[in-house]
Amino acid sequence: MTTILLLAGMSARMGKNKLLLPYGNKTVLEYPLKIALRHSNEVICVTGFERERVEKVLSAYDVKIRYNPHFIDGQRGSTLLGLQDVHDDAAILFGDLPLITSDDFEKGCRLVKEFPYCRPIYNGTPGHPVFIAKEKINGLVSDTRPFKEFLKDAGCRFYPGSLGTVFDVDTPERYELLINRENPILH
């Protein structure tokens, strides 16, 4: 399994780089990164916005770094850049999912052997990571439709995921919920 960890976004709704915010004794991005490292043969981190600051955190880990100079154009370009180096089953994971669990990841790693496209779902909301079988990557890359549309048409298999598969840290309010874990929404 190769994981593409998307770390290029501009954090516009947060107002500052959400990936570098402190959570516990780490940054937000280090939680999904550690899960990816635990369950992947390789992790490809795609950076963009505030590249130097993000890559400084990544320098402590055994990851491959790819810089997307066109990060302002959105996630698709970063995803495609990361997938260029993949020769295995792939997982596409966002860097702002600090509550993702090993179980969320392990289920997808198992299911992608049977279903070429799969992803977690939590309370009706599709989550991440998205898993793609090795033999299906070229089809995804060559299709010009939005990934959500492609996955729907390709018969993406959903499996039960935890809150961590959908709980991103996109706004100051979401970050407040994260650091104030006694809030019932996070249990």
- Query: Under 6 Å by Cβ, and 6 or more places apart or on different chains, what pairs join a residue from region 145-167 that is touching a residue at least 24 places away in the same chain (Cβ under 8 Å) with one that is among the polar types (S, T, N, Q)?
  - Reply: S162/T101; G164/T101; V166/T125
- Task: Test I4 against the criterion of being of a type in the set (A, V, I, L, M), more than 26 Å from I179 (Cβ to Cβ) and buried (at least 20 other Cβ atoms within 10 Å of the Cβ), and give yes or no.
- Result: yes
- Please tell me if G24 is buried (at least 21 other Cβ atoms within 10 Å of the Cβ), of a type in the set (G, A, S) and at pLDDT below 95. no
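Every residue, every condition in (1) closer than 20 Å to A8 by Cβ; (2) modelled with pLDDT under 95; (3) in contact with a Lys or Arg (Cβ under 8 Å, 6 or more places away or on another chain), yes or no:
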residue: H87; (1), (2), (3): no, yes, yes
residue: R110; (1), (2), (3): no, no, no
residue: H128; (1), (2), (3): yes, no, yes
residue: E173; (1), (2), (3): no, yes, no
residue: R181; (1), (2), (3): no, yes, no
- Per the filter on region 56-69, residues open to solvent by 40 Å² or more (accessible area, probe 1.4 Å) and touching a residue at least 12 places away in the same chain (Cβ under 8 Å) are Y61, D62, K64, I65, R66, Y67, P69
- Task: Go through D96, D89, D104 for me and flag whichever is open to solvent by less than 40 Å² (accessible area, probe 1.4 Å) and over 24 Å from V169 (Cβ atoms).
- Result: D89
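The values are calculated or read from the model by the stated rules, or taken from the named source; none is laboratory data. Quantities reported herein were computed from a predicted structural model and do not represent experimental measurements. Every residue, glycine among them, receives a Cβ derived from its backbone with ideal geometry; neighbour counts consider all protein chains shown. Keep in mind that these areas ignore ligands, DNA and RNA; they rest on the heavy atoms of the full protein, side chains included. Shrake-Rupley method; radii C 1.70, N 1.55, O 1.52, S 1.80 Å.
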